[in-house]
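First up is the structure itself, then whatever we jot down about it.
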Amino acid sequence: MRPLKSRPPRNLICPRTPRFLPPSNIQAAMTTDQIDDKEHPQLVAFDLDYTCWPLWIYTHVTGPLKPSGKPNLVFDKYGDKIAMYDDMPEILHFLQERDIHVAAASRTHAPNLARQALSLMTLPPSNKRAESFFDTCEIYPGSKIKHFQELHRKTGIPYTEMVFYDDERRNVEVEKLGVTFVLVPDGVNRRIFEQGIEEWRRRHKKGEGEKVVTKRTENRAAGSRGRYRHKLQGLTDTEMDEGQDGPQQGY
Ligand SMILES: [Mg+2]
């Protein structure tokens, strides 16, 4: 008989059961030349549970996990499926191809299981392991303020250059730091991903028709892999932050 686990503390009234959304019927806007010409943040972070995949790794999954031999699919001890939302593989490829730093910021109580899932799962079309798309992983219980302070400390990337997708409203507290928070109550798909990037552009005045300094392009030429970009420009964190809007309060 499958062992029962206690549910991690959450602020949701109703428990969720694992479910998979149907494929998004939104066109892959981020792959168009129009979108690609615009500025992107230096760092995009994702929560894991109900943001990257439709389950709680702590309550719905039992280790050890097993590879399935198929893309975007891992089995747990009892044969239950672990798979990312349909649009996530394409979004992660999009970010990696553009040298945008990708982070995982999860407060799961099962960090080892989460890391095991990322290490066993392969993502189409490249079929590289999911863990290879995440430059930094902050996976441990507690306030996500700590997760983002660690991301900032490790990468040197200003908070105002970070966009964070998460399904839990309580984690909006990271906006105190200046991070752009995007609530994804039904997980990440192409539409909400692009809406989040657009919101970041709106807040930091990186809209169409404006002359935007493309740090990504400059640093790509310098060989950067999405890290320490502003430091390559000889700017301190403070100088970078002073050039951006102040922290935004939202939601
Ligand atoms: Mg979550």
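Quick one: is Glu90 surrounded by fewer than 17 Cβ atoms within 10 Å (Cβ to Cβ) and at pLDDT 95 or above? Explain how you work it out, then say what you get.
Working: surrounded by fewer than 17 Cβ atoms within 10 Å (Cβ to Cβ): no; at pLDDT 95 or above: yes.
So Glu90 fails the test.
For residues that are assigned to a helix (DSSP H, G or I) and in contact (Cβ under 8 Å) with a residue 40 or more places away in the chain, scanning just the range 96-113, find the one that is farthest from the ligand (Cβ to nearest atom). I'd like the intermediate steps shown before the answer.
Of the residues in the range 96-113, the ones assigned to a helix (DSSP H, G or I) are 96-97, 111-113.
Now narrow it down to the ones that are in contact (Cβ under 8 Å) with a residue 40 or more places away in the chain: 112-113.
Numbers: Asn112: 17, Leu113: 14 Å.
Filtering first and then ranking leaves Asn112.
Would you check if Lys70 is under 23 Å from Pro141 (Cβ atoms), away from the ligand (no atom under 13 Å from the Cβ), modelled with pLDDT of 95 or more and not in a strand (DSSP E or B)? Let's see the steps before the verdict.
Numbers: under 23 Å from Pro141 (Cβ atoms): no; away from the ligand (no atom under 13 Å from the Cβ): yes; modelled with pLDDT of 95 or more: yes; not in a strand (DSSP E or B): yes.
Against the criterion (under 23 Å from Pro141 (Cβ atoms), away from the ligand (no atom under 13 Å from the Cβ), modelled with pLDDT of 95 or more and not in a strand (DSSP E or B)), Lys70 does not qualify.
With within 24 Å of Ser119 (Cα to Cα) and of a type in the set (A, V, I, L, M, F, W, C) as the only criterion, which of Phe181, Phe148 stands out? Spell out how you get there, then give the answer.
Values: Phe181 fails: within 24 Å of Ser119 (Cα to Cα).
That would be Phe148, the only listed residue that is within 24 Å of Ser119 (Cα to Cα) and of a type in the set (A, V, I, L, M, F, W, C).
Looking only at the range 160-189, filter to residues that are among the acidic types (Asp, Glu) and in contact (Cβ under 8 Å) with a residue 40 or more places away in the chain; which one of those is farthest from the ligand (Cβ to nearest atom)? Walk me through it before giving the result.
Pass one, the range 160-189, residues among the acidic types (Asp, Glu): 161, 166-168, 173, 175, 186.
Then keep just the ones that are in contact (Cβ under 8 Å) with a residue 40 or more places away in the chain; that gives 161, 166-168, 175, 186.
Numbers: Glu161: 23, Asp166: 6, Asp167: 4, Glu168: 5, Glu175: 17, Asp186: 12 Å.
By that ranking, first place goes to Glu161.
Could you name every one of the helices (runs of 4 or more DSSP H) located completely within the range 146-243 that has at least 1 residues being modelled with pLDDT of 95 or more, touching a strand residue (DSSP E or B) at 6+ places or on another chain (Cβ under 7 Å) and surrounded by fewer than 17 Cβ atoms within 10 Å (Cβ to Cβ)? Spell out the reasoning first.
Details: elements: 190-203, 215-221, 229-232, 237-242.
By residue number, 190-203.
For the structure I just gave you, tell me whether His147 is within 15 Å of the chain's Cα centre (by Cα) and either closer than 23 Å to Pro71 by Cα or within 16 Å of the ligand (Cβ to nearest atom) (or both). Full working, then the answer.
Numbers: within 15 Å of the chain's Cα centre (by Cα): yes; either closer than 23 Å to Pro71 by Cα or within 16 Å of the ligand (Cβ to nearest atom) (or both): yes.
Yes.
Name every residue in the range 73-95 that is within 14 Å of the ligand (Cβ to nearest atom) and assigned to a loop (DSSP other than H, G, I, E, B), in order of residue number. Can you show your working first?
At the first step, the residues of the range 73-95 found to be within 14 Å of the ligand (Cβ to nearest atom) are 84-85, 88.
Selection gives Met84, Tyr85.
Restricting the first residue to the range 39-62 and requiring it to be over 21 Å from Val174 (Cα atoms), which pairs with a second residue that is of a type in the set (Ser, Thr, Tyr) and within 10 Å of the ligand (Cβ to nearest atom) meet a Cβ separation below 7 Å and a spacing of at least six or different chains?
Ile57/Thr108; Tyr58/Thr108
For the range 39-62, name all the residues that are of a type in the set (A, V, I, L, M), within 12 Å of the ligand (Cβ to nearest atom) and assigned to a loop (DSSP other than H, G, I, E, B).
The answer is Leu48, Leu55.
The values are calculated or read from the model by the stated rules, or taken from the named source; none is laboratory data. Only a predicted model underlies this, so the values are computations on that prediction, with no experimental measurement involved. Cβ atoms come from the backbone with ideal geometry, glycine included; neighbour counts cover every protein chain shown.
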